[in-house]
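Student: Please see the structure below; I have some questions.
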Ligand code: KG4
Ligand code: ZN
């Protein structure tokens, strides 16, 4: 089966073509347009501008993907799209294009939950996991620990009660005067600083459950940033200390989740999974405990169309997707993963 899918939940237009044969997924082609330059001047995503840009990009990217794959549209079995969660207007663009294309081709559409895309994305990597595993899902909007037993079998073990880990990176970066999106910039600055230079709180570290909280950390970073002496070294120290606090919370809670579930496989998904310090510390911690650790390639961690095409294909194959021939659609800007 071959599925072309559109991702447009936030500030990236992703289109990809995935083939699934005998349970083996293969990425035939993909294209991505990031809107970072568009939103940078505003310090964050401007929803209206995001929607308009998705409109401009979706079809040219789809043409590019099909050309790269060397296939015609008649080779498609279905068209997938991100139904939510995300920005309503942005989601409507991808959904509208997907439904119109599918209707023109006489093929069904498959609506995909963005987080399920992140969760399943490691199956496209060179080192795919096996079920069951614990997934640490860390993106700009979500921070969750999940027990993943199979396609569509997701048990929420813990999640953030306020900001997401990506938000903690982004908001702290903003306080340090770094451009949007702050995560990668803060990580870069942190490389020149000392992680133990400034004492920052680790909220809920010893809460005994698997929930996260990052709002207090942001406040502490704000207070610390006001005390900076203006030197480059002090800023780098604060960046390194902030990253260390976020990473420690993510690592410790992931290990606790593995212990609680008695599983020995951990998968990291979502944009913050691109963070080098998180990767290094999880690698060390998992090696010590004999835990098999899977990090998808960086391009699969951040938003992309491939994970949406993959999730559509895997759900369809598992008999869980509801392929639709309807020329109407709805998006779900707020959509708990438990409801898929
Ligand atoms: O999964 P993603 O691309 O989009 C959402 O679904 O939210 O995640 C984006 C988030 C942003 O908060 C961004 O700052 C963060 O991932 N991020 C990073 C790094 N690369 C991306 N955070 C820390 N270090 C990085 N290297
Ligand atoms: Zn995402």
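Only the coordinates and a few stated rules stand behind these numbers; no lab work does. Please read these numbers as outputs of a predicted model, since none were measured by experiment. Ideal geometry is used to build each Cβ from the backbone, glycine not excepted, and the neighbour counts take in all protein chains shown.
Student: Round to the nearest 10 and give me the degree value, 0 to 90, for the angle of helix 305-317's Cα axis relative to the longest principal axis of the chain.
Tutor: So the inclination is approximately 60 degrees.
Student: R0 = 30 Å: FRET efficiency of residue 339 with residue 231, Cβ-based, nearest 0.05?
Tutor: Here the calculated transfer efficiency is 0.05.
Student: Which Rg and Dmax, in Å, describe the Cα atoms of the chain?
Tutor: 20.0, 64
Student: Follow-up. Looking only at 16, 62, 262, which one moves most when the chain is put into a Gaussian network model with springs between Cα atoms under 10 Å?
Tutor: 262
Student: May I ask you to derive the relative contact order of region 131-295, considering only C-alpha pairs under 8 Å and at least 6 residues apart, and to give it as an integer percent?
Tutor: 28
Student: Spin-label point model (7 Å from Cα, Cβ direction): what's the residue 327 to residue 299 distance in nm?
Tutor: Taking the simple label geometry, residue 327 and residue 299 are separated by 3.7 nm.
Student: What is the calculated FRET efficiency for residue 318 to residue 41, with r their C-beta to C-beta distance and R₀ = 30 Å, to the nearest 0.05?
Tutor: It comes to 0.10.
Student: Another question, if that's okay. Stokes-Einstein at 37 °C, 0.692 mPa s, Kirkwood radius from Cα pairs: D for region 131-295 in µm² s⁻¹?
Tutor: Translational D for this selection: 207 µm²/s.
Student: Can you tell me the order of 38-46, 91-99 when each peptide is scored by its average per-residue count of other Cβ atoms within 10 angstrom, highest first?
Tutor: Per-residue mean Cβ counts within 10 Å order the peptides as 91-99, 38-46.
Student: Could you please rank 6, 131, 295, placing first whichever residue has the fewest other Cβ atoms within 10 Å of its Cβ?
Tutor: The fewest-first ordering by Cβ neighbours comes to 131, 295, 6.
Student: Let me ask another. Using a Gaussian network for the chain with springs between C-alpha atoms less than 10 Å apart, which of these wobbles most: 300, 178, 73?
Tutor: Looking only at 300, 178, 73, the largest GNM fluctuation is found for 73.
Student: Taking the chain as a Gaussian network, Cα atoms linked when under 10 Å apart, which of 120, 200, 136 shows the biggest mean-square fluctuation?
Tutor: 200
Student: Can you put 51, 231, 172, 121 in order of Cβ neighbours within 10 angstrom, beginning with the fewest?
Tutor: 231, 51, 121, 172
Student: Does region 213-252 come out rounded, prolate or oblate by the C-alpha gyration tensor, with a ≥ b ≥ c the root eigenvalues, rounded set by a/c under 1.5 and, if not, prolate when a/b is larger than b/c and oblate if not?
Tutor: Verdict is oblate for region 213-252.
Student: Using the number of other C-beta atoms within 10 angstrom as an exposure proxy, rank 237, 37 with the fewest first.
Tutor: With the fewest neighbours first, 237, 37 line up as 37, 237.
Student: I would also like to ask the following. Stretched out fully, how many nm does the piece from residue 162 to residue 1 gain, at 0.36 nm a residue minus the Cα gap?
Tutor: Once the chain is fully extended between residue 162 and residue 1, it gains 54.0 nm.
Student: Inverting the mean 1/r over all pairs of different Cα atoms, compute the Kirkwood radius of region 64-140 and quote it in Å.
Tutor: Kirkwood hydrodynamic radius for region 64-140: 14.5 Å.
Student: Also, I was wondering about something else. Restricting everything to alpha-carbon atoms, can you work out Rg to Rh for region 259-340 with a Kirkwood hydrodynamic radius?
Tutor: 1.07
Student: Moving to a separate point now. Under 8 Å for C-alpha pairs, at least 6 residues apart: give me the relative contact order for the chain, rounded to a whole percent.
Tutor: 25
Student: In degrees from 0 to 90, rounded to the nearest 10, what is the angle of the helix 215-226 Cα long axis to the longest principal axis of the chain?
Tutor: That works out to roughly 50 degrees.
Student: Multiply the residue gap between residue 222 and residue 259 by 0.36 nm, knock off their C-alpha separation, and tell me the result in nm, one decimal place.
Tutor: 9.9 nm
Student: Taking a ≥ b ≥ c as the square roots of the Cα gyration tensor eigenvalues, with a/c under 1.5 meaning rounded and otherwise prolate when a/b beats b/c, else oblate, which class fits region 1-145?
Tutor: Oblate, because a/c is 1.5 or more while a/b does not exceed b/c.
Student: Now, a different point. How many angstrom lie between the C-alpha centres of region 74-88 and region 100-144?
Tutor: A separation of 11 Å, based on Cα centres.
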